[in-house]
Amino acid sequence: MSSGSAIEKPARAGRDGLRHKTVSAAVAEALRERILGGDLAPGTQLRQDALAEEFGISRIPVREALLQLEASGLVRIMPHRGAVVSDLSVEEIEDIFQLRTLLEPQLLILSARHLTGEDYRELRALRDEYSAALTAGQIDQWGELNRRFHLGLLRHAGRPRSLAIVSGLLQDCDRPTRLQLSLTGDVARADREHTTILDLCEAGEIAAAANLLRSHVEHAGHSLIAIYRKSAAG
């Protein structure tokens, strides 16, 4: 009897742990969509008790969800305030775009020669979806489609750590990128440059594609930094 109960307890604990992880992942995803969609503005306080009541769960998976969001940079857990939707400083924006400018062109050079016909079909479909979202003003989709397009270009670089870093950087600048496109009216330029980068890669002009990708990222960064500095000065 004792051996049977000894086996059952860890099994229940394992199921409980898995259930908590599943619930916390679902809560984290729901909050992530709200943050990236702009429903939860930077500086918004995320109270565990209120979220637990809203989702109809205990505070434990809520706390785990907030820790996941903190790890991805979307939330900051601050003394005496708890979890707060994070925002980026000008210095952080500069750092993100400098890193992207260094990494993405190098990864494109490594990846482009391995892109297949199927890859190009997927990338052009993504470009078309992004273009339609830009034209329709579907701002909530811009950051995710832009991230998928950029990562799709770099997928065959064979540098998983660098790709993971770029993926994180693209997520970090999701909201700022949408802000930059909205305020500067650069949607046509972004769409045109995505198309040209694809065309250059497919034509085998990889160095030219990498140079355009570098200027594409640099322009977005410079525009965004100017917006942030103007906002800070105002």
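No value in this document is a laboratory result; all are computed from the given coordinates. Predicted model only: the values in this text are computed from it and were never measured. Glycine also receives a Cβ, built like all others from the backbone with ideal geometry; neighbour counts cover every protein chain displayed.
Dividing the convex hull volume of the alpha carbon atoms of the chain by its residue count gives 169 Å³ per residue. The label-point distance for residue 167 and residue 41, in a model that sets each label 7 Å from Cα toward Cβ, rounds to 3.2 nm.
Step by step: find N for the stretch 60-137, compute 2.2 N^0.38 Å, then divide the Cα radius of gyration by it. What's the final number?
With N residues counted in the stretch 60-137, Rg over 2.2 N^0.38 Å equals 1.62.
Exposure proxy for 156, 222, 150: other Cβ atoms within 10 Å of each Cβ, ordered fewest to most, give 222, 156, 150. Projected label points at residue 159 and residue 34, each 7 Å from Cα along the beta carbon direction, are separated by 3.8 nanometres. Think of it as helices only: each DSSP H run of n ≥ 4 in the chain is worth -39500 (n - 2.57), and spread over all residues that comes to -26500 deg cm²/dmol at 222 nm.
Placing pseudo-labels 7 Å out from each Cα toward the beta carbon at residue 102 and residue 230 gives an inter-label distance of 2.9 nm. Where the alpha-carbon atoms of the stretch 92-194 are placed on the principal axes, they occupy 35, 34, 18 Å, in descending order. For residue 75, enumerate residues with amide H under 5 Å from its amide H, sequence gap 5+ or separate chain, H modeled in the peptide plane. Close amide H contacts, sequence-distant or interchain: 70, 86.
Subtracting the Cα-Cα distance of residue 202 and residue 91 from 0.36 nm times their residue separation leaves 36.4 nm of extension gain. Okay, which of the stretch 62-89 sit inside 20 Å, backbone N to the point 7 Å along the Cα-Cβ direction of residue 22? Residues 62-66, 68 fall inside that zone.
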